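For reference, the structure is listed below as structure tokens.
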Amino acid sequence: MMFKLLFLLAILPAITAGAPRIGALTGDMQSSTEGRVHRALPSSSLDEDSLHQFDVLKFECHLSFNLTAAALSGYTVTKLAANEIPLDQIDFRFNHSLVIDSVWILENYIATLSVLGHDSIRIELSPSLPLGDSLQLGIAYHGTTAIIDPWGGFRWAQQLNWHPQIAWSMGDGLNLEPPPANYAWFPCHSDPTDKVLWEAWLRAPSNRAICSNGIRVDTLNNGDSTTTWHYRLDQPVSTYLISVAVSDYVIMTQRESNPRIENFVYPSRVTQAQTHFSNVPAVLDGFQALFGPYPFERFGYAMTRNGDMEHATCVFHYDQVVVSSNAYDWLLIHELSHQWWGDWVTCGDWRDLWLNEGFATFCEAVGLEVLHGRDAYMDRVTGDFYPAARGASDSYSIYDPDYYWGATVYQKGACVMHMLRELMGDSLFFLSLREFGQEHAFSSAVTADWQAELEQHYGSSLDWFFQPWVYGTRYPEYNVVLDLELAYLIIEQNQPTNTLFRMPIDVRIVSTEGDTSEFTLWNEAVRQQGWMIPNDSMQFTGWPASIEIDPYNKILKTAVYSILVGVGDRPSYSPVTFAIASVYPNPFNPSVTISFDVPWNTDVGLRVFTLTGREVTYQKLGSLAAGSHQVRWDGDGFASGIYLFRIETLGEFKFTKAILLK
């Protein structure tokens, strides 16, 4: 949906900070409640979403903006239908600081206003609106908008250096629950599934330009040094995607059609904007080839004091990042992709926000691939998505997250999309995306819809993927052990959660002579699993020298590697940190002694496993000083066979093996 980047006017080139919402509030912001930040719906107020039992068809907004006085005035007409029950009341959210002048209904109904709670209103109807009927509700109001959120809502700012005077909206709030924030400047609802049409007649001084949603029908000089800008959006969108910005803008047109691309730019930044936005048309066309035709009639960006926010047809873009380079292509791409994933298809429940934000973050890499090729795509995945997702300390899932605007929803959501692309292959993955869009066009979807679409092309259930990756937590932390003598591979999952991951894992083994062998194994959702490596997978000259899982970075993960120590005339393994020196006797009956070295003072333990990976013994050796040590294990009471011995410190471990022969 948005990129709310949260750094404070510090331009950090091309670095994401969780989510593309950029920019802090600067000191020149004006409001009648300066310095106050409050929730939209305190516990004593009306939750209009729980009572949203009607269908809003269209908003028609007639507003005038006085930028010097930081005030607006006018009225909004709402066309709605009783699609669930007969209506005797209509509940909306609305900014408490705006004064309501009058309320009316164009049809034969009496409308009575009552104010409930901090930022909510109720209109009582007499008589009730019958099921299936519709009406047009008008509300006239004026005043200065209050600050409802530190990021979203409606704000005013006076000229500051090269930043011109401006008034603008941001459709989502970082601290609002639910997030929609447009009730700061017109009465509306927040349910993302009730999509609406938009038409606006917006009036401001003639030396200012106005940006809103949809096509610009016309501009009318009113003869009093003001101009009315008429916009109309003919495709339904969620209310948080409606917007207005009023400032000293130059309208820079990049192309006239398919779709029209125009950017609202400060006069002082026209030169920078020519380079900054230069790659947008190519990425838009690349997205059309991958996702389907662009859903609207117009696209572009408008510079604002904070950003970014994917308002339908015109992204509000943080003015500080409009520079004479393409360093912020990733941000432009993220917001452009939202026109499909967020605006065309919108999450049907805020718990499914990753369908907006994870998709759009993934599209950053896809857009860079359109411009620069596959290497640029993988650089974004491995250099940004993976580190950010691993660095998130969150213990919650992508679905129904505790916090909407962080790396779990954005970058981990992008990783999930990347892994699905690798699992499905490009042809089926992008076909699934296109069909998903077409099936939910100008509507909404939830995670189950996306899974079902993928399963149609995958050919079987993807529960094994979605349950851990979307509904579970974190990512796999693999310990990988290769037994050189037995050609035996062990993969452990040691992540500190109960979520275990079933994944196909590519394995690459390189010999001392430089020969390479690659094969794929299915790692089940278990803590430890072992495989005898197929003979034809290890036919190369020399001894295996190294092992790597997932060499093509298909999986969000960490991996730690060990090569099992050999004893006898085979090449010895000399670890840098600590080492197992010997295991004697081998074979043994009934006891065996393992000698090992530790180069620092550390806690040490011994774990013993059967060849199938079943742990049979744990022995805590305590805190040992740096030096050489021995531990004896008694196999009395255990069956004959090969046993694996793991010496472990707090940070790592080493394996060896021996045969109990009775």
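Numbers for the structure displayed
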| read-out | value |
| --- | --- |
| Long-range neighbours under 8 Å by Cβ, at least six apart or interchain, first residue under 13 Å from residue 661 (Cα atoms) within the stretch 617-644, second surrounded by 14 or more Cβ atoms within 10 Å (Cβ to Cβ) and polar (S, T, N, Q) | 641/610; 642/610; 643/610 |
| Residue list for the stretch 167-225, restricted to those being surrounded by 24 or more Cβ atoms within 10 Å (Cβ to Cβ), in contact with a Pro (Cβ under 6 Å, 6 or more places away or on another chain) and of a type outside the set (Gly, Ala, Ser) | 172 |
| Residue selected from the stretch 112-127 under the condition buried (at least 19 other Cβ atoms within 10 Å of the Cβ) and of a type in the set (A, V, I, L, M), by the criterion nearest to the chain's Cα centre (by Cα) | 121 |
| Residue satisfying condition, being at pLDDT below 95 and surrounded by 24 or more Cβ atoms within 10 Å (Cβ to Cβ), within set 307, 342, 367 | 307 |
| Pick from the stretch 481-519, criterion part of a loop (DSSP other than H, G, I, E, B) and small (Gly, Ala, Ser), ranking: surrounded by the most Cβ atoms within 10 Å (Cβ to Cβ) | 487 |
| Qualifying residue in the stretch 74-94 (condition: closer than 26 Å to residue 243 by Cβ, open to solvent by 30 Å² or more (accessible area, probe 1.4 Å), touching a strand residue (DSSP E or B) at 6+ places or on another chain (Cβ under 6 Å) and among the basic types (Lys, Arg)) | yes |
| Hits in the stretch 618-658 (condition: touching a Lys or Arg at 6+ places or on another chain (Cβ under 7 Å) and not basic (Lys, Arg)) | 618, 640, 642, 643, 644, 645, 647, 648, 653, 655 |
| Test set (1) under 24 Å from residue 287 (Cα atoms); (2) in contact with a Phe, Trp or Tyr (Cβ under 8 Å, 6 or more places away or on another chain) - residue 378 fails condition number | (2) |
| Residue satisfying all of: in the stretch 626-641; touching a Phe, Trp or Tyr at 6+ places or on another chain (Cβ under 9 Å) and open to solvent by less than 70 Å² (accessible area, probe 1.4 Å); farthest from residue 532 (Cα to Cα) among these | 626 |
| Single unsatisfied condition, residue 5 versus (1) crowded, with 21+ Cβ neighbours inside 10 Å; (2) outside any loop (DSSP other than H, G, I, E, B); (3) modelled with pLDDT under 95 | (2) |
| Residue within the stretch 282-295 that is over 22 Å from the mean Cα position of the chain (by Cα) and open to solvent by less than 20 Å² (accessible area, probe 1.4 Å) present | no |
| Counted residues, the stretch 464-480 - those being in contact (Cβ under 8 Å) with a residue 40 or more places away in the chain, more than 15 Å from residue 526 (Cβ to Cβ) and open to solvent by less than 30 Å² (accessible area, probe 1.4 Å) | 5 |
| Test: residue 604 is farther than 24 Å from residue 532 by Cβ and surrounded by 15 or more Cβ atoms within 10 Å (Cβ to Cβ) | yes |
| Criterion (buried (at least 16 other Cβ atoms within 10 Å of the Cβ), over 11 Å from the mean Cα position of the chain (by Cα) and not basic (Lys, Arg)) met by exactly one of 377, 410 | 377 |
| The stretch 250-280, residues that are under 23 Å from residue 229 (Cα atoms) and open to solvent by less than 20 Å² (accessible area, probe 1.4 Å) | 259, 261, 262, 263, 264, 265, 266 |
| From 165, 159, 136, residue being out of contact with any strand residue (DSSP E or B) (no Cβ under 8 Å at 6 or more places or on another chain), at negative phi and polar (S, T, N, Q) | 159 |
| Residue satisfying all of: in the stretch 573-594; more than 47 Å from the chain's Cα centre (by Cα) and assigned to a loop (DSSP other than H, G, I, E, B); modelled with the lowest pLDDT among these | 586 |
| Pairs where the first residue, in the stretch 377-390, is more than 14 Å from residue 416 (Cβ to Cβ) and the second is open to solvent by 30 Å² or more (accessible area, probe 1.4 Å) and polar (S, T, N, Q), C-beta under 6 Å, 6+ apart | 382/553 |
| Residue match in the stretch 233-245 (condition: without any contact (Cβ under 8 Å) to a residue 24 or more places away in the chain and either open to solvent by less than 50 Å² (accessible area, probe 1.4 Å) or over 23 Å from residue 219 (Cβ atoms) (or both)) | no |
| Subset tally (residues that are among the aliphatic types (A, V, I, L, M), crowded, with 18+ Cβ neighbours inside 10 Å and assigned to a loop (DSSP other than H, G, I, E, B)) for the stretch 319-335 | 1 |
| Single unsatisfied condition, residue 410 versus (1) within 20 Å of residue 453 (Cβ to Cβ); (2) in a helix (DSSP H, G or I); (3) in contact with a Gly (Cβ under 7 Å, 6 or more places away or on another chain) | (1) |
| Subset of the stretch 610-646 (residues that are small (Gly, Ala, Ser) and touching an Asp or Glu at 6+ places or on another chain (Cβ under 8 Å)) | 622, 623, 627, 628 |
| In the stretch 417-463, the residues that are touching a residue at least 24 places away in the same chain (Cβ under 8 Å), in a loop (DSSP other than H, G, I, E, B) and more than 20 Å from the chain's Cα centre (by Cα) | 441, 442 |
| Tally of residues being under 30 Å from residue 248 (Cβ atoms), assigned to a strand (DSSP E or B) and open to solvent by 50 Å² or more (accessible area, probe 1.4 Å) across the stretch 56-72 | 1 |
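Okay, residues lined up against (1) closer than 21 Å to residue 342 by Cα; (2) in contact with a Lys or Arg (Cβ under 6 Å, 6 or more places away or on another chain); (3) of a type in the set (Phe, Trp, Tyr):
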{"residue": "418", "(1), (2), (3)": "yes, no, no"}
{"residue": "422", "(1), (2), (3)": "no, yes, no"}
{"residue": "441", "(1), (2), (3)": "yes, no, no"}
{"residue": "446", "(1), (2), (3)": "yes, no, no"}
{"residue": "465", "(1), (2), (3)": "no, no, yes"}
{"residue": "477", "(1), (2), (3)": "no, no, no"}
{"residue": "480", "(1), (2), (3)": "no, no, no"}
{"residue": "496", "(1), (2), (3)": "no, no, no"}
{"residue": "519", "(1), (2), (3)": "no, no, yes"}
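The values are calculated or read from the model by the stated rules, or taken from the named source; none is laboratory data. On a predicted model such as this, the values are computed, not experimentally measured, just so you know. Because the Cβ atoms are built from the backbone with ideal geometry, glycine has one as well, and the counts that use them run over all protein chains shown. SASA here: full protein model, heavy atoms, side chains in, ligands and nucleic acids out. Shrake-Rupley method; radii C 1.70, N 1.55, O 1.52, S 1.80 Å.
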